[in-house]
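Asks: Right, I'll just put the structure down here and ask away after.
The values are calculated or read from the model by the stated rules, or taken from the named source; none is laboratory data. Note that the structure is a prediction, hence the values are computed from the model and not measured. Don't worry about glycine lacking a Cβ; one is built from the backbone with ideal geometry, like all the others, and counts go over all protein chains shown.
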Amino acid sequence: MNSRRSKGSSSASSAAAAAAAAAASAESERRAREIRDLQSAEESNKRCFDCGQRGPTYVNVTVGSFVCTRCSGTLRGLNPPHRIKSLSMSSFTADEVAMMRGRGNAWARKVYLGLYDSNRAAFDLKDAEGVRDFMIEKYEKRRYYVDPSTIVHTPAATTNGSSSAAASNSSSSFQKSSSTTTNLIGATLNARLASSSSSSAAVASSNNPSTPAAGPLGVALPQPPSSSISRYGG
């Protein structure tokens with residue numbers, strides 16, 4: 001009996017572990033897919049940030065940029081070395097995905113090349129040593145660096161971003177609907193108050209003939225000349 005219970009407990013634990021592993025794998029794939037979506041959502045992310053080669057296959061997690069295979073190796077050799085992850089083979093943490101949502105090559109250009117003179121003679125992108133020297137100037141010496149808090153950057157919209165926008169629009173529509181409902185209720189209350197005010201004014205007018213009768217919305221109605229006016233007016 002105990003042996004059967006032990007086997008049943010073991011099977012349940014194995015099933016739970018398998019389910020947890022499957023969930024973790026699905027979450028890991030979701031994050032990797034979001035990183036790939038971020039790359040395809042913005043044109044500047046489709047080229048290596050450091051040399052301009054088309055079709056970067058790595059992510060510079062230290063900077064928040066997309067880079068090619070050659071530059072990924074050079075970046076690992078800088079001081080301090082940059083953390084590089086493969087777009088297709090690596091897993092990404094929730095913090096890394098959150099960081100990449102707000103960065104990308106356009107952001108990196110504003111920060112790490114913010115003071116770069118665009119009129120300066122370009123170096124040969126085929127010269128590996130020249131590219132490395134430029135990386136040292138850019139990252140180690142921070143010669144062109146600009147404080148990120150001073151720049152304005154709008155991240156590219158992704159599928160998730162569109163979903164957020166749709167949710168925002170839905171919320172806005174709900175708020176407008178609520179506002180309309182509130183306005184209708186307010187109008188009804190105002191109408192009732194106006195009606196009550198009109199009735200009170202009518203009662204007061206009957207008790208005091210000198211008080212003009214109130215018309216719709218509380219506007220005083222024109223009154224016929226009184227006897228005093230006739231007596232003194234001719």
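Asks: Would you pick out the residues in segment 62-77 that are farther than 12 Å from N105 by Cβ and in contact with a helix residue (DSSP H, G or I) (Cβ under 6 Å, 6 or more places away or on another chain)?
Replies: T74
Asks: Can you tell me how many residues within segment 76-119 are under 18 Å from D50 (Cβ atoms) and surrounded by 11 or more Cβ atoms within 10 Å (Cβ to Cβ)?
Replies: Result for segment 76-119: 22.
Asks: State yes or no: is A108 part of a helix (DSSP H, G or I), aliphatic (A, V, I, L, M) and closer than 25 Å to G130 by Cβ?
Replies: Judged against the criteria, A108 is a match.
Asks: Checking the condition in contact (Cβ under 8 Å) with a residue 12 or more places away in the chain and more than 33 Å from the chain's Cα centre (by Cα), which residue from V131, V97 passes?
Replies: Unique residue meeting the criteria: V131.
Asks: Let me ask something additional. If a residue must be farther than 16 Å from L113 by Cα, within 19 Å of the chain's Cα centre (by Cα) and either assigned to a loop (DSSP other than H, G, I, E, B) or at pLDDT 95 or above (or both), how many such residues does segment 41-65 contain?
Replies: Qualifying residue count, segment 41-65: 1.
Asks: Let me ask something else about it. Please specify each residue of segment 8-36 satisfying the condition of being within 38 Å of the chain's Cα centre (by Cα) and farther than 15 Å from T93 by Cβ.
Replies: A16, A17, A18, A19, A20, A21, A22, A23, A26, R36
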